[in-house]
Amino acid sequence: MNKHPFVVWQVVGFKNSGKTTVVSQLIKRLQQQGYRVGSLKHHGHGGPPLIEGVATDSGKHRQAGAVVSGVEGDGIFHWIAKKQSWSLEEMLHMYEVMDVDVVLLEGFKRATYPKTVILKDEYDLSLLEECSHIDSYLYWGQVPFFSIEEDGAAFSIYHSKSIEELSKRIIERCK
C-alpha cells in the first residue's frame, strides 16, 4: 500500500543490468506525458555516493528531466543531509514537499513497492526470489529467454525497447 501522495515504482536488477538507462528513459517518457517525476537511487557499491556531476546515475536522472533526484549510500542521502542511516520511508517523505506525481526508485530490492525486475540472462533469475511485489520484468535480448509465473499469474513482460508500454503501466497507477 502506497502511503505517499505520489506513485512509487521500482526498477531493480544486478550491477550493469541497465537500471539507470531504463529509469532515465521512463523519466523522459513520463515527463513528456506531463508528469512531475522524481528519482531515488540506492548506491549499492559500498562507500558514500559521488556528490555531483552529470556522469553520476542521479545526474543522468536529472538530465532526463527528473525534477528532483537523490542517491543514498553509506548513510549519506544526497539532498545533502547526513545521519547514521536513512530508511527508504524517511527519504520518500522528503519527496512529498517536491509536488511530484511519480518517484522512480533505482534499486532498493527489498522494498515493498511495485517493481520491474531487469533480467539479462538466467543468472539473474535469483532476483525473483530476492524481491517481492514484482509487477513485471524487462529483458534486453531478441526474445524473452524464459516464461515466469507467480501463483499461476504471469508477470507483465517488456522488452527494453518497450519503455512506452512500461510507462503506460506506471501512468495507470497515477490515475
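Data table
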read-out: Under 5 Å, built H, 5+ apart or other chain: amide partners of SER69; value: SER39
read-out: Within-10-Å neighbourhood charge of GLU130 [Cβ basis; K, R +1; D, E -1]; value: +1
read-out: Backbone HN-Hα couplings from phi across the stretch 125-132 [Karplus 6.51/-1.76/1.60, Hz, Gly and Pro as x]; value: 4, 4, 4, 5, 8, 6, 9, 10
read-out: Interchain or long-range residues, amide H under 5 Å from PHE155's placed H; value: ILE148, GLU150
read-out: FRET efficiency estimate (nearest 0.05) - Cβ-Cβ, HIS4 to TRP140, R0 35 angstrom; value: 0.70
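Values quoted throughout were computed directly from the atomic coordinates according to the rules given, and no laboratory measurement underlies them. Predicted model only: the values in this text are computed from it and were never measured. All Cβ positions, glycine included, derive from the backbone under ideal geometry; neighbour counts span all protein chains shown.
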